[in-house]
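Visitor: Quick one: structure below, then a few questions.
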Amino acid sequence: MSKQITNCILNKNTTNNPIWLMRQAGRYLPEFREIRKENPNFIKLCLNSDLATEITLQPIRRFDFDGGIIFSDILMLPYGINQEVEFEKGFGPKLKTFQLDKIKNTSEIDFTKKIQQVYKAISKTASNPIMTNKDMIGFVGAPWTILVYMINCSSPKNGLNKNFFDDELLIKETMMIIEKFLKLHIRNQVDAGANIIQIFDSWAGLLDSKIDDYILNPTLNLVEYTKNLGVPVICFPRGIKNYKNFCDIVKPDAVNIDYDVDPIKIVKEIKIPVQGGLDPKILLSDKENLIKSVKHYLNIFKDHPYIFNLGHGILPETKIEMVEEVVKTVREFK
Ligand code: 1CP
């Protein structure tokens, strides 16, 4: 059996639906919580290549997913270019006040050295026998989403500061630095053994204007860069108003949809392979409703190359048996 996610993306295979879940390595797993308890510093945990490898493999052992996504975080990028990052329990990420001078002086060599353990974890994971027929997914945050965290210094879940764009020159210069290091980060992951790259634009939905400058053009640059490395790239522009326009311009190899978009409209409009869509909250409901909802997506995409996944990350409250039910339903679907 070959790698199923790349088979779907590159060969447009529709005979079966590969499956993996965003945030599959995470807090809904008791074996993850066990390790996390002993490792309160999240960044340090990401930089422990043995533990990061173990955490990446945990969901694959349990559910036999078709791919493993490296246990790391999109915020390793600001960390790598010397903007300090901490994760506070119950609050989320906290970044030190943004200083252009500090990040401007980071060299590519220093960046790679600082987060070398992430790459080591990828090569350790990829060479584990359990990964033989599995895809090894590396990832980055999209330039826009990274910019938002770096300037905002915490989650923008309550919206962007009104004066976010006041210093447009500073923003432009910062975007160029982000783009340069994102390319390096992608290349390092591919060199270490990642055979797919996913680009998470978790805050794409925050913008109604300036989409060309901050989302489409910079993401297109990364997509072209990744394709030139010979690796397929999946984009997740969460909350973007027009997925078709995004795909037409950015041309990723596959697109992950969020749970607010109508999958019927997507299957009519979008020709490239599609991934995801199911609302992760459905996994908190009952099995009957879950099976119905999973089949709803599978039926809509039955003649389209489709990778089963969610419309956002799996929630920490999710029960193991509900994940088992999803996998079973997807694998038994004819
Ligand atoms: O134990 C804990 O408290 C840590 C929770 C956690 C985990 C498991 C965080 C903090 N990050 C991660 C790992 C992670 N993050 C992965 C690993 C692989 C996997 O998917 O299994 C990935 C791909 C990410 C990506 C990520 N981090 C995104 C993009 C996807 C998304 O969720 O939108 C974002 C926005 C982040 C930032 C981040 N890291 C962690 C949290 C809680 C957040 C979101 C904070 C916010 O609301 O802004």
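Visitor: Of everything in the range 23-40, what is over 13 Å from ILE60 (Cα atoms) and either surrounded by fewer than 16 Cβ atoms within 10 Å (Cβ to Cβ) or not charged (D, E, K, R) (or both)? Give them in sequence order.
Guide: First, pick out the residues of the range 23-40 that are over 13 Å from ILE60 (Cα atoms): 27-28, 30, 33-40.
Those that are over 13 Å from ILE60 (Cα atoms) and either surrounded by fewer than 16 Cβ atoms within 10 Å (Cβ to Cβ) or not charged (D, E, K, R) (or both): ARG27, TYR28, PRO30, ARG33, GLU34, ILE35, LYS37, GLU38, ASN39, PRO40.
Visitor: Conditions first: (1) within 15 Å of the ligand (Cβ to nearest atom); (2) touching a Leu at 6+ places or on another chain (Cβ under 7 Å). SER155 passes all but one, so which condition is the exception?
Guide: (2)
Visitor: Quick one: which residue in VAL190, VAL223 is assigned to a helix (DSSP H, G or I), modelled with pLDDT of 95 or more and within 16 Å of ALA254 (Cα to Cα)?
Guide: Numbers: VAL190 fails: within 16 Å of ALA254 (Cα to Cα).
Result of the check over VAL190, VAL223: VAL223.
Visitor: Sticking with this structure for a sec: As an exercise: evaluate ASP191 against (1) of a type outside the set (Phe, Trp, Tyr); (2) more than 30 Å from GLN117 (Cα to Cα); (3) out of contact with any Pro (no Cβ under 9 Å at 6 or more places or on another chain) and give the number of the one condition it does not meet.
Guide: For ASP191, the exception is condition (2).
The rows are residues; the columns are (1) of a type in the set (Val, Ile, Thr); (2) within 15 Å of the ligand (Cβ to nearest atom); (3) more than 30 Å from ASP50 (Cα to Cα).
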| site | (1), (2), (3) |
| --- | --- |
| LYS120 | no, no, no |
| SER123 | no, no, no |
| ASP135 | no, yes, no |
| THR145 | yes, yes, no |
| LYS162 | no, no, yes |
| ILE171 | yes, no, yes |
| LEU182 | no, yes, no |
| ASN195 | no, no, no |
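Visitor: Condition check: in a loop (DSSP other than H, G, I, E, B), charged (D, E, K, R) and within 13 Å of the ligand (Cβ to nearest atom). Does ARG62 satisfy that? Show your work before the answer.
Guide: Working: in a loop (DSSP other than H, G, I, E, B): no; charged (D, E, K, R): yes; within 13 Å of the ligand (Cβ to nearest atom): yes.
Here the answer is no, as ARG62 does not meet what is asked.
Visitor: If I filter the range 66-103 down to residues being more than 10 Å from the ligand (Cβ to nearest atom) and under 15 Å from MET22 (Cα atoms), which single residue comes out as surrounded by the most Cβ atoms within 10 Å (Cβ to Cβ)?
Guide: ASP66
Visitor: Of all residues in the range 104-122, which are over 20 Å from LYS172 (Cα atoms) and surrounded by fewer than 17 Cβ atoms within 10 Å (Cβ to Cβ)?
Guide: Restricting attention to the range 104-122, the residues satisfying the condition of being over 20 Å from LYS172 (Cα atoms) are 109-122.
Matches in the range 104-122: ILE109, ASP110, LYS113, LYS114, GLN116.
The values are calculated or read from the model by the stated rules, or taken from the named source; none is laboratory data. Since this is a predicted model, take the numbers as computed values, not measurements. In this analysis, Cβ positions are derived from the backbone assuming ideal geometry, glycine residues included, and neighbour counts consider all displayed protein chains.
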